[in-house]
Amino acid sequence: MLHYKHHGGHMQYTVLIPGGFKPPHKGHCDYIKFYLDNPEVDRVILFCGDKERDGITLEHTEKILEIYGLLSHPKMDYRRASIREGKKKNYTNPLADCFDWGDENTEHRFGLACSEKDAGYQVSFGDYFYGNDKYVYVPIFKMNDNISATNFRAALQNKESIAKFLPNGVDEQSVIALFKS
């Protein structure tokens, strides 16, 4: 028999977060922490795709998430997205990994994270799991900053300050150093 931890009368659940995060910025950090800090969430599973963007690799993403302290959070379960076989080449699809996880983990209560700008994903995910009593519509993250990974990459390429893209307390030089090799 499975026992759920209760908190304030609510059952706990796992939040699935798919993404590329090339590179992860302050907004991504706030988004992930929104779920890590939610007392009803007992685990966050972050599936990260390997598609390189303007020289930013999955390894860069992982090192930055580490600098932000997210990978060492006790509720964090970080996973590289599965490599899938395509007709032309192999690829990763973090959202497909979330669907697979939901199909394979029928004993867990779970839901798909989303921000205001991608709430449609949560709707289609919920439609897919319609009738599954373990599926939870998790709270939607409200974005505060209009910060994009595209602009972060541009600032890195143009050797401009990246301070506005970083969470408070993160040293700009520690992130810039990752790209000098």
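What follows draws every value from the coordinates through simple rules; no lab data is involved. The structure presented is a predicted model; accordingly, all values stated were derived computationally and were not measured. Here the Cβ is made from the backbone with ideal geometry for all residues, glycine too, and neighbour counts use every protein chain on show.
Quote to one decimal, in nm, the extra length available between residue 159 and residue 88 on full extension: 0.36 nm per residue of separation minus the C-alpha distance between them.
22.0 nm
Normalised by the number of residues in the chain, what is the relative contact order in percent for Cα pairs under 8 Å and 6+ residues apart?
Relative contact order comes out at 26 percent.
Once you've got the Cα coordinates, tell me which of 159/180; 22/63; 63/180; 89/180 are over 18 Å apart.
89/180
Order these peptides, 57-67, 168-178, by their mean beta-carbon neighbour count within 10 angstrom, highest first. Walk me through the numbers before you get to the answer.
Working: 57-67: 18.6, 168-178: 12.7.
Highest-to-lowest ranking by the protection proxy: 57-67, 168-178.
What angle, in degrees between 0 and 90 and rounded to the nearest 10, separates the Cα long axis of helix 94-104 from the longest principal axis of the Cα atoms of the chain?
Here the helix axis deviates by roughly 20 degrees.
Between residue 73 and residue 132, what is the label-point separation in nm under the 7 Å Cα-to-beta-carbon projection?
Placing both labels 7 Å beyond Cα along the Cβ direction yields 2.2 nm.
Take every DSSP beta bridge with both residues inside the range 11-179 and express the antiparallel ones as a percent of the total, to the nearest 5. Don't jump to the answer; show the numbers that get you there.
On the way: 3 of 20 bridges.
Counting only bridges with both partners in the range 11-179, antiparallel ones make up about 15 percent.
Using only Cα atoms and rounding to the nearest 10 degrees, what angle (0 to 90) does helix 26-36 make with the longest principal axis of the chain?
20 degrees
Can you say what percent of the DSSP beta bridges in the range 11-74, counting only those with both residues inside, are antiparallel? Round to 5.
Counting DSSP beta bridges with both partners in the range 11-74, the antiparallel share is about 10 percent.
Please go through the range 80-181 and write out the trypsin sites (Lys or Arg not before Pro) that DSSP classes as loop and that have at most 13 other C-beta atoms within 10 Å.
Values: sites: 80, 84, 87, 88, 89, 109, 117, 134, 142, 153, 159, 164, 180; in loops: 87, 88, 89, 109, 134, 142, 159, 180.
Counting only loop positions with at most 13 other Cβ atoms within 10 Å, the trypsin sites (Lys or Arg not before Pro) in the range 80-181 are 87, 88, 89, 142, 159, 180.
Calculated from DSSP H runs of 4 or more alone, at -39500 (n - 2.57) each and per residue, what is the 222 nm mean residue ellipticity of the chain, nearest 500?
Dividing the helical sum by the residues of the chain leaves -9000 deg cm²/dmol.
What stretch of the chain, leaving out the sites themselves, is the longest with no chymotrypsin sites (Phe, Trp or Tyr not before Pro) in a DSSP loop having at most 15 other Cβ atoms within 10 Å?
Working: sites that count: 4, 130, 137.
Counting only loop sites that pass the neighbour cut-off, the longest clear stretch is 5-129.
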